[in-house]
Amino acid sequence: MRGIAYRRQKEERAKARARRKLQTRWNWTPPDGRPAHHDPGQVGYLATTPAPCSCPACGNPRRHFGELLVAERRVLDQLSDQISELRAEL
Ligand SMILES: [Zn+2]
């Protein structure tokens with residue numbers, strides 16, 4: 001089992017990655033504050049939340065449009081292929 005030093009190193013790496021993302025994607029400074037990549041709250045949030053947005057453009061299509069996920073569609077396609085192969089053999 002890995003120790004606390006390893007988890008701290010991983011956390012620091014995730015926060016450094018989040019800082020880079022915030023600096024490049026949301027390089028905007030609010031009039032009364034510091035830029036987002038200097039805000040520890042923003043950095044921590046993005047470091048622990050890999051997909052921070054769930055709007056209809058980014059989010060789960062099942063939730064917003066009732067669609068199946070890509071993996072589920074793939075499984076259903078394979079199933080129907082197997083069924084048609086079985087029918088052809090009979
Ligand atoms: Zn979004």
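What follows draws every value from the coordinates through simple rules; no lab data is involved. What you see is a predicted model, and the numbers here were worked out from it, not measured in a lab. Reconstructed Cβ throughout: ideal geometry from the backbone, glycine too, with neighbour counts over all protein chains shown.
Using a simple spin-label model with pseudo-atoms 7 Å out from Cα toward Cβ, residue 65 and residue 1 lie 4.5 nm apart. Our helix-only sum for the chain, with -39,500 (n - 2.57) per DSSP H run of n ≥ 4 divided by its residues, gives a mean residue ellipticity at 222 nm of -20000 deg cm²/dmol. Hydrophobic, long helices, defined as DSSP H runs whose alpha-carbon span along the helix axis is 24 Å or greater and whose mean Kyte-Doolittle value is at least 1.0, do not occur in the chain.
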